[in-house]
Amino acid sequence: PDLADAKRVGRISGWAWGMGYGGGLACLIVALLVFIMADPAPFGLDPGQSEPVRAVALLVALWFIVFGWPMFVWSPDRPSANVAFGVSARRGMRRLVETARELGQHRIIVRFLIARLLYIDGLNTLFALGGLYAASTFGMDEKSVLIFAIALNATAGLGAVGFAWMDDKVGARTTLTWTLGCLMIVSTAILLVQSALWFWILGIVLGTFIGPVQSASRSLMARLAPPAMTGEMFGFFALSGKLTSFAGPLLVGLVAYATDSQRLGMGVIVVLMAIGLIILRTVPEPEKG
């Protein structure tokens, strides 16, 4: 909200997510060429101990350091209140408690946060376990999984940018509803296919809807939050994506164990998205400004 007016929030959010996926795509390509496909492995890494794969974590850390600092240097910020850190921290904690108490007065936002908690938990579980599912069900090796992730990032970025216009034209909640519904349909189809080729095709289509679900969620929060409480509300927004991040993988594991079927276990992801979508439908479309 500090970088764009209400009429352009959807476009800016979509473009930003698209650029983020572009950066992730570049990082994945570097990881693939430098660590996974290189023969011999660089820096004396031992493939037998999966050291090239583990070294990708160091690449990601370096990537954050190199490309993260420009945001802190050049991104505009609100003027400082010139208050000591300790005082500011105490005020922040006090304000957080007050905002938590006031959440009951913002029932629409609460419903949205509950909906997001569910469907983002499903999406995060898809990210966390999708590679394992591809490897165990379709026999994809590390290289194939990484190439698949590159394709997924590419289509997710294109989807975020492509659906940005829809966000500003018809509204963030409508965009989110449609793309989340499409995400559920494609996810269900992926769990039903037996062919690796169809898994690839549907996986690439799936990525098209992942980006706009994430970008439209952010722009919807920006439009729902009262201007004076934007910071606090986005704090709860971030929390709703992390609070129950363990639940999705746990439920997938329990269902897969109980049914002896990875496909049924991964079906939990679609169920989480479906419940989130049902709750999201009770959230009215906010004014676009």
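Bear in mind these aren't lab numbers, they're just calculated from the coordinates by the rules spelled out. From a predicted model like this one, the values you see are computed outputs, not experimental measurements. So basically every Cβ, Gly included, is an ideal-geometry build from the backbone, and we count neighbours across all protein chains shown.
Tabulated values for the structure
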item: Global form of the stretch 52-117, assessed from the alpha-carbon gyration tensor, a/c cut-off 1.5; result: oblate
item: Mean Cα-pair separation over length for the stretch 5-147, i.e. relative contact order, pairs under 8 Å, 6 or more apart, %; result: 23 percent
item: FRET E, pair Ala151, Val110, Förster distance 41 Å, beta-carbon r, rounded to 0.05; result: 0.65
item: Only Lys, Arg (+1) and Asp, Glu (-1) charged, at Cβ; the chain dipole about Cα centre in debye; result: 1060 debye
item: Residues Trp17, Trp63, Trp165, Trp74 arranged by fewest to most Cβ contacts within 10 Å; result: Trp74, Trp165, Trp63, Trp17
item: Charge dipole (debye, nearest 20) of the stretch 1-64; +1 at Cβ of Lys and Arg, -1 at Cβ of Asp and Glu; result: 360 debye
item: For the stretch 44-78 and the stretch 149-222, distance of Cα centres in Å; result: 26 Å
item: FRET efficiency, Trp198 to Glu142 (Cβ-Cβ, R0 22 Å, nearest 0.05); result: 0.55
item: Charge dipole of the stretch 63-113 about the Cα centre (unit charges at C-beta), most positive-ward option of Gly86, Pro70, Val97; result: Val97
item: Histogram of C-alpha separations across the stretch 112-267, 10 Å bin width, %; result: 11, 36, 35, 15, 3, 0
item: Listed residues Gly122, Gly131, Gly44, most fluctuating in the chain (Gaussian network, C-alpha, under 10 Å); result: Gly44
item: Likely footprinting exposure, Ser144, Ser240, fewest C-beta neighbours within 10 Å first; result: Ser144, Ser240
item: Hull-based mean projected area of the stretch 210-289, where the convex hull spans the alpha carbons, in square nanometres; result: 6.3 nm²
item: Student exercise, the stretch 67-116 dipole from Lys, Arg, Asp, Glu Cβ charges, in Debye to nearest 20; result: 240 debye
item: The chain: radius of gyration and largest Cα-Cα distance (Dmax), Å; result: 20.6, 61
item: Hull volume in cubic angstrom per residue (convex hull over the Cα atoms of the stretch 83-174); result: 206 Å³
item: Cut-off 15 Å between beta-carbons: net charge of the residues surrounding Pro40, Lys and Arg +1, Asp and Glu -1; result: -3
item: Candidates Ala135, Ala216, Ala100: whichever shows maximal mean-square fluctuation once the chain is modelled as a Gaussian network with Cα springs under 10 Å; result: Ala100
item: Most mobile of Gly276, Gly231, Gly207 in a GNM of the chain (Cα contacts under 10 Å); result: Gly231
item: Of every Cα-Cα pair in the stretch 1-131, the percent that sits beyond 27 Å; result: 51 percent
